[in-house]
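Derivation of every value follows stated rules applied to the coordinates shown; laboratory data play no part. Everything quoted here is computed from the prediction, not taken from an experiment. Using ideal geometry, Cβ is built from the backbone for each residue, glycine included, and neighbour counts are taken over all protein chains shown.
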Amino acid sequence: MSSPIQIISVLGGPGSGKGTQCTMLETQYENVIHFSIGDLLRKEAADPDSPHRETIQENMCLGRVGPKEITVAILRKNIEQAAAEGMRFLFLDGFPRKLDQAEYFEEQFGLLSLVLSFECSDNILVQRLAQRGRNDDDTETIKKRIDTYHKVTSEVLDLYEKKAKVVKINANTGVDTVFAEIQKVLEQSSIQLCCSNNIVEKV
C-alpha cells in the first residue's frame, strides 16, 4: 500500500539537529508535518484506550525497541490523520533506524521519497549533547549513544543508498546554514512545499 503523502526520512546521530530542522520545516511550510517516533510512542503509551499501551510502556521501561508492527501501525494512524488534514509531506525524524523497520515500512507504505542523512562529526555531537546539560548525558553515555546509532543505522543507509534515495546534509554547521542546504536539496529533488503565506513555490 502506498502512502497518501510523500514521506522524507531524516536520519542522524543524537545531537545532529534532526528535530530542530524538522520543526523549522513544519513551521515554515503549511503542507508539511513532522513526526518524532519517540513522541508518537509516548503519546500512545499515555492513551488509556490504546491497544498497544502496555506493550509500549513495557518496552520503554526496559529501554527496548518495540515491535516494528506496532510502530508502523501507530505511524499509519497518524499519517492517515495528517493526510485528512491536507498535509502533503511528512518529515520522519529518526525512522527507520533498523533494517527490519525499513523493510517492513516499505512493504506497508512503498519506497520513501527521500532520506536526508545528517552527517556530523562525533566530536561535535559529543559537544552539543554535553552542552544540553541533561543528567543522563555524561560523556561515556553520549559516546555509547553515538556508537549505537552508527552500528544500527548504517544498514538502513546502505539499503537506501542502493535505491538512490540518500542525500547527505552537512550538519556540522549552524542551524540556518543547515536549513538552507535542506531547502536546496528539496528543490533539486523536485519536492514542492507550500509556504505559510499560501504561495506555492519550490523551496
With only helices counted (DSSP H, runs n ≥ 4, each -39500 (n - 2.57)), the per-residue ellipticity at 222 nm for the chain, to the nearest 500, works out to -17000 deg cm²/dmol
Given unit charges at Cβ for Lys, Arg (+) and Asp, Glu (-), the dipole magnitude of the chain about its Cα centre in debye, nearest 20, is 280
Given pairs K77/K162; K77/K168; K18/K144 and cut-off 27 Å on Cα-Cα distance, the over-length ones are K77/K162; K77/K168
Among R132, R42, R53, the residue with the largest mean-square fluctuation in a Gaussian network model of the chain built from Cα contacts under 10 Å is R132
Once normalised by the length of region 6-195, the mean sequence separation of its alpha carbon contacts under 8 Å that are 6 or more apart gives a contact order in percent of 36
One would report the antiparallel percent of DSSP beta bridges in the chain, rounded to the nearest 5, as 10
For region 1-111, shape from the Cα gyration tensor axes a ≥ b ≥ c, cut at a/c of 1.5 then a/b versus b/c, turns out rounded
Listed by chain and number, the lysines with an alpha carbon less than 18 angstrom from that of K163, same-chain partners under 8 positions apart left out, are K98
If amide H atoms are modeled at 1.01 Å from N in the peptide plane, then the residues at a separation of 5 or more from M87, or on another chain, having amide H under 5 Å from its own are none
With a Förster distance of 25 angstrom and the Cβ-Cβ distance between D158 and Q188, calculated FRET efficiency to the nearest 0.05 equals 0.65
Going fewest to most other Cβ atoms within 10 Å around each Cβ, S16, S36 line up as S36, S16
